Amino acid sequence: MTTSLGPIDLPDWAWERAEVREALRARDVGAVFRRVQQYAGASQTRIGMAVGMTQARVNEIINGRREVSRLDVYERIADGLRMPDDARHLLGLAASRERRTGGAAFDLAAFPEVVRVYAAQSSAAQEIQQQAREAQQLDVLAVRGLGLIGLNDSLLRACLPRDQGGKGLQVRIALLDPDSDALTRRAAEIGESAESLASGVRLTEARLRELADTCEVSVYRYRMLPTWRLIRTDDTMFVGAFDVGWEGHESATYKVMATPHGPLYRGFRRMFQAIIDGAEQTV
């Protein structure tokens, strides 16, 4: 066994590529190593140093003459390639550096459309903002939305156009009805008064009316207990979940991209449309 020269760092986008995710899901380490050669320019010797193998063993794996089956070897490979947690999940390993503080009711990372998993919204903030600045369509499903779009320093507010030149942007925001029983239940779940939560929704609505001169904005009130939290920027979604005791921004955040045959992106988009179709438009 060689002495480790340190882990190999692949660009973030490499772990999002479909062929890499398929190789991880199939535990095809040879295919993973070939992509490391392609995307990181690493030699077989360098890969071996990173994952604790000889060059000869790496060569056997790449050429299909040997398979990896031991969990401790998968762990060593994941550590040596600095796999992000969503890649580790696909390989059947537990999270490493990023830990969830909340999560959805089932593991969305198993779907091929999920190209990245962030520990919380804060970890995904920079990418969400970049996507929002370039988007033609922005959909948001939230509870009160203050931290997303209602305040000057919220996640999305600064990403929206500030003059008449931004009229091409279409923004749809669905917020929890401040007069609904669902809001009272949600307030109890997070240990907040219904009055405080309702005031937050109304403040967000008021602030969104201010955007009417710079983009095409529509705001809706829905009346069901919230489960999913969505931010859609054109063909990309960032999905979190609500549950008892924690709010959507604390949830693991899944980056979901539209694919020709994948059900997840289309299912979430269909759900959002159904919610606003049954909601009251206020702006």
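Check SER154 against each of (1) modelled with pLDDT of 80 or more; (2) under 30 Å from ASP28 (Cβ atoms) and name the one condition it does not meet. Result: SER154 passes all but (2). For VAL219, the requirement of being part of a strand (DSSP E or B), under 20 Å from the mean Cα position of the chain (by Cα), crowded, with 21+ Cβ neighbours inside 10 Å and among the aliphatic types (A, V, I, L, M) is not met. Considering only residues that are open to solvent by less than 10 Å² (accessible area, probe 1.4 Å) and part of a helix (DSSP H, G or I), look in the range 140-153 and name the one that is nearest to TRP246 (Cα to Cα). If we take residues in the range 140-153 being open to solvent by less than 10 Å² (accessible area, probe 1.4 Å) and part of a helix (DSSP H, G or I), then LEU148 is nearest to TRP246 (Cα to Cα).
Listed here are the residues, each with its yes/no results for (1) aliphatic (A, V, I, L, M); (2) surrounded by fewer than 21 Cβ atoms within 10 Å (Cβ to Cβ).
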position	(1), (2)
LEU225	yes, yes
ALA252	yes, no
ARG269	no, yes
GLY278	no, yes
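Restricting the search to the range 246-280, which residues are more than 14 Å from ASP139 (Cβ to Cβ) and assigned to a strand (DSSP E or B)? Matches in the range 246-280: TRP246, THR253, TYR254, LYS255, MET257, GLU280. Candidates are the residues of the range 69-90 that are surrounded by 19 or more Cβ atoms within 10 Å (Cβ to Cβ) and hydrophobic (A, V, I, L, M, F, W, C); the one that is modelled with the lowest pLDDT is LEU90.
Whenever a residue of the range 22-43 is under 14 Å from ILE62 (Cα atoms), its partners that are in a loop (DSSP other than H, G, I, E, B) and among the β-branched types (Val, Ile, Thr), lying with C-beta atoms within less than 7 angstrom and at least six residues away or across chains, give the pairs VAL29/VAL68; VAL36/ILE8; ALA42/ILE8.
Determine if the range 3-16 includes at least one residue that is crowded, with 20+ Cβ neighbours inside 10 Å, in a helix (DSSP H, G or I) and at pLDDT below 95. Yes; the residues of the range 3-16 include at least one that is crowded, with 20+ Cβ neighbours inside 10 Å, in a helix (DSSP H, G or I) and at pLDDT below 95. Out of ARG34, ARG65, ARG27, one residue alone is open to solvent by 20 Å² or more (accessible area, probe 1.4 Å), more than 21 Å from ALA119 (Cα to Cα), part of a helix (DSSP H, G or I) and not acidic (Asp, Glu). It is ARG34. Can you tell me which of GLY191, GLY245 is at positive phi and modelled with pLDDT of 90 or more? None of the other options fit; the residue is GLY191. A residue that is under 21 Å from GLN136 (Cβ atoms), more than 22 Å from the chain's Cα centre (by Cα) and among the acidic types (Asp, Glu) occurs nowhere in the range 231-245. In summary, VAL239 fulfils each of the numbered conditions (1) at pLDDT below 90; (2) touching a strand residue (DSSP E or B) at 6+ places or on another chain (Cβ under 9 Å); (3) open to solvent by less than 30 Å² (accessible area, probe 1.4 Å) with the single exception of condition (1).
The residue list PRO161, PRO112 contains one member that is open to solvent by 60 Å² or more (accessible area, probe 1.4 Å), assigned to a loop (DSSP other than H, G, I, E, B) and modelled with pLDDT under 85, which is PRO112. For ALA42, are the conditions met, namely being buried (at least 18 other Cβ atoms within 10 Å of the Cβ), more than 25 Å from LYS255 (Cα to Cα) and touching a Pro at 6+ places or on another chain (Cβ under 9 Å)? Answer is no for this residue.
Residue by residue, here is whether (1) at pLDDT below 90; (2) farther than 14 Å from THR282 by Cβ; (3) open to solvent by less than 50 Å² (accessible area, probe 1.4 Å) holds:
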site: SER122; (1), (2), (3): yes, yes, no
site: GLN130; (1), (2), (3): no, yes, no
site: LEU138; (1), (2), (3): no, yes, yes
site: GLN170; (1), (2), (3): no, yes, no
site: SER199; (1), (2), (3): no, yes, no
site: ARG202; (1), (2), (3): no, no, no
site: ARG209; (1), (2), (3): no, no, no
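The values are calculated or read from the model by the stated rules, or taken from the named source; none is laboratory data. Computed from a predicted model, the values in this text were never measured in an experiment. Methodologically, a virtual Cβ is constructed for each residue, glycine included, from the backbone with ideal geometry; neighbour enumeration extends over all protein chains shown. Heavy atoms of the whole protein, side chains included, go into the accessibility calculation; ligands, DNA and RNA do not. Shrake-Rupley method; radii C 1.70, N 1.55, O 1.52, S 1.80 Å.
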